[in-house]
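The values are calculated or read from the model by the stated rules, or taken from the named source; none is laboratory data. Worth saying up front: this structure is predicted, and the values here are computed from it rather than measured. Reconstructed Cβ throughout: ideal geometry from the backbone, glycine too, with neighbour counts over all protein chains shown. Accessible surface is based on the protein model in full, side chains and every heavy atom, while ligands, DNA and RNA are left aside. Shrake-Rupley method; radii C 1.70, N 1.55, O 1.52, S 1.80 Å.
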Amino acid sequence: MTDPLTPVLTEMWDVENGWKLEAYAARGGYDSLDVAFGMDPDAVIAAVKDSGLRGRGGAGFPTGMKWSFIPQDNPKPKYLVVNADESEPGTCKDIPLMMGNPHVLVEGVIVSSYAIRAKKAFIYIRGEVLQPIRRVQAAVEEAYAAGHLGTDIHGSGYDLDIVVHAGAGAYICGEETALLEGLEGRRGQPRLRPPFPAVAGLYASPTVINNVESIASVPGIVRHGADWFASMGTEKSKGHGIFSLSGHVTKPGQYEAPLGITLRELLDLAGGVRAGHELKFWTPGGSSTPLLTAEHLDVPLDFEGVAGAGSMLGTRALQIFDETVCVVRAVLRWTEFYKHESCGKCTPCREGTWWLVQALTRLENGQGSEEDLDQLLDQCENILGRSFCALGDGATSPISSSIQFFREEYLAHLAEGGCPFDPARSTVFASQEVRA
């Protein structure tokens, strides 16, 4: 059987000191710079367009197209901002990428900045993750010392400076305009759009904001060609991606594979659901995407396939839950997170997430009646599409999908006057005696 994994971004993870420049350069690191500098910036953008690379931060917007929106006739400076504010429950690909291979991100920033004619780039990293911040800072310093950053890079006449910025720790700053607010020193809250960042972003100048994995994918495209990248994945979802498996799986971790692989295939690689148990539900793209169940094991994990199943590919954060987990309790925990992280700017999210927590808490405690489920869905409907940014929408996704698939489980809480599940059985340290 052919190994379905495609270690590209993750190829340095098992190399001794793979995060250092010496090890990275030995594997062809920074070779894409001279290739890119030998091309017109518009040709680099065209190559990224031809590759079919779509944003790896969740939305899946074509990366090259986003770059082409930058108005080059605008006299203001152009900026590249890398969104490394990874903090959604279950999402854990960008932080290990920055830990294991920070130089591929730095190389991607240089090539991407050259393509959009930016002379300054920012890497905005979540403030709590101190080790990745230090590792990226060290990689940037090594790149400066080696002549990959600064003035007249590789004798090309191109200048670039990179700033590694530590955020203050707010989930909302994963939203690109809230990130810009934080980067400019203000409270992280989403901006009204238009104007869009491509026209008036950082410091009211044309700005491209991309996810870590999106930018890190660029060197490979430039080095190996657009056709190489496009040969992986599916017709509309090209290339490779990092799939993060967590929860009740035998070998949790990061699995880099072409888009379009299925959860069944990934579980086979990961040793399956933990011994003695079976899959109950899972998230395809983090806690803000609608839940899927065991009947969706063979759904292609690409943007179109997951959307066709009623969910979103998102960040490919595959959280696996077996039959010991109470879906009501799991959804409540996620909703508490969204309530806590709401920036408070808009009423539907600020008030709505609070009321969702109240309703779910009552239901988990077995209080109320079946009509409360309909009221809960009505609350979700009043938030969905009416909040200022996608945080409110994401908060409703696990609730409405869990009621769709597990309505009887909600009713069982009401019938028994409380949660019918033993929370100890769902823990990863549960003993064989407890599981029995």
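D302 meets the conditions (1) touching a residue at least 60 places away in the same chain (Cβ under 8 Å); (2) buried (at least 18 other Cβ atoms within 10 Å of the Cβ); (3) in contact with a helix residue (DSSP H, G or I) (Cβ under 8 Å, 6 or more places away or on another chain); (4) not small (G, A, S) in every case but one. The failed one is (3). The residue list G90, G58, G100 contains one member that is at pLDDT 95 or above and open to solvent by less than 30 Å² (accessible area, probe 1.4 Å), which is G100. Selection of the range 313-338 for residues being over 20 Å from W355 (Cβ atoms), of a type in the set (A, V, I, L, M) and under 22 Å from the mean Cα position of the chain (by Cα) yields L313, A317, L318, I320.
Among the residues making up the range 207-243, those that are polar (S, T, N, Q), buried (at least 24 other Cβ atoms within 10 Å of the Cβ) and touching a strand residue (DSSP E or B) at 6+ places or on another chain (Cβ under 7 Å) are T207, N210, N211. Out of K120, K76, one residue alone is open to solvent by 20 Å² or more (accessible area, probe 1.4 Å), within 22 Å of G157 (Cα to Cα) and in contact with an Asp or Glu (Cβ under 7 Å, 6 or more places away or on another chain). It is K120.
State whether the residues of the range 33-40 include one that is more than 18 Å from V106 (Cα to Cα), more than 24 Å from the chain's Cα centre (by Cα) and surrounded by 14 or more Cβ atoms within 10 Å (Cβ to Cβ). Within the range 33-40, one or more residues are more than 18 Å from V106 (Cα to Cα), more than 24 Å from the chain's Cα centre (by Cα) and surrounded by 14 or more Cβ atoms within 10 Å (Cβ to Cβ). Among the candidates E323, E351, E336, the residue that is out of contact with any Cys (no Cβ under 9 Å at 6 or more places or on another chain) and within 20 Å of A178 (Cβ to Cβ) is uniquely E351. Screening G271 against (1) touching a Ser or Thr at 6+ places or on another chain (Cβ under 6 Å); (2) open to solvent by less than 20 Å² (accessible area, probe 1.4 Å); (3) of a type in the set (G, A, S); (4) farther than 30 Å from F196 by Cα leaves a single unmet condition, (2).
Counting only residues that are open to solvent by less than 50 Å² (accessible area, probe 1.4 Å) and either outside any loop (DSSP other than H, G, I, E, B) or of a type in the set (A, V, I, L, M) (or both), the range 177-203 holds 11 of them. Looking at A230, A275, just one residue is at pLDDT 95 or above and either of a type in the set (A, V, I, L, M, F, W, C) or in contact with a Lys or Arg (Cβ under 8 Å, 6 or more places away or on another chain) (or both), and that residue is A230.
With the requirement that a residue be closer than 23 Å to F243 by Cα and among the β-branched types (V, I, T), what does the range 173-221 give you? Listed by number, the residues that qualify are I209, V212, I215, V218, I221.
Looking only at residues of the range 285-295 that are open to solvent by 10 Å² or more (accessible area, probe 1.4 Å) and in contact with a Ser or Thr (Cβ under 8 Å, 6 or more places away or on another chain), we find that the one that is nearest to R407 (Cα to Cα) is P290. Among the conditions (1) more than 28 Å from Q404 (Cβ to Cβ); (2) out of contact with any helix residue (DSSP H, G or I) (no Cβ under 9 Å at 6 or more places or on another chain); (3) charged (D, E, K, R), the only one that K251 does not satisfy is (2). Considering the range 41-55 alone, what residues qualify as being touching a helix residue (DSSP H, G or I) at 6+ places or on another chain (Cβ under 6 Å) and open to solvent by 40 Å² or more (accessible area, probe 1.4 Å)? Residues satisfying the conditions are K49, D50. Just to be sure I understand the filter: pairs with C-beta atoms under 9 Å, separated by 6 or more residues or on different chains, first member in the range 398-421 and at negative phi, second member of a type in the set (K, R). Which pairs pass? Close Cβ pairs (under 9 Å, with a partner that is of a type in the set (K, R)) amount to F406/K280; C419/R329; F421/R329.
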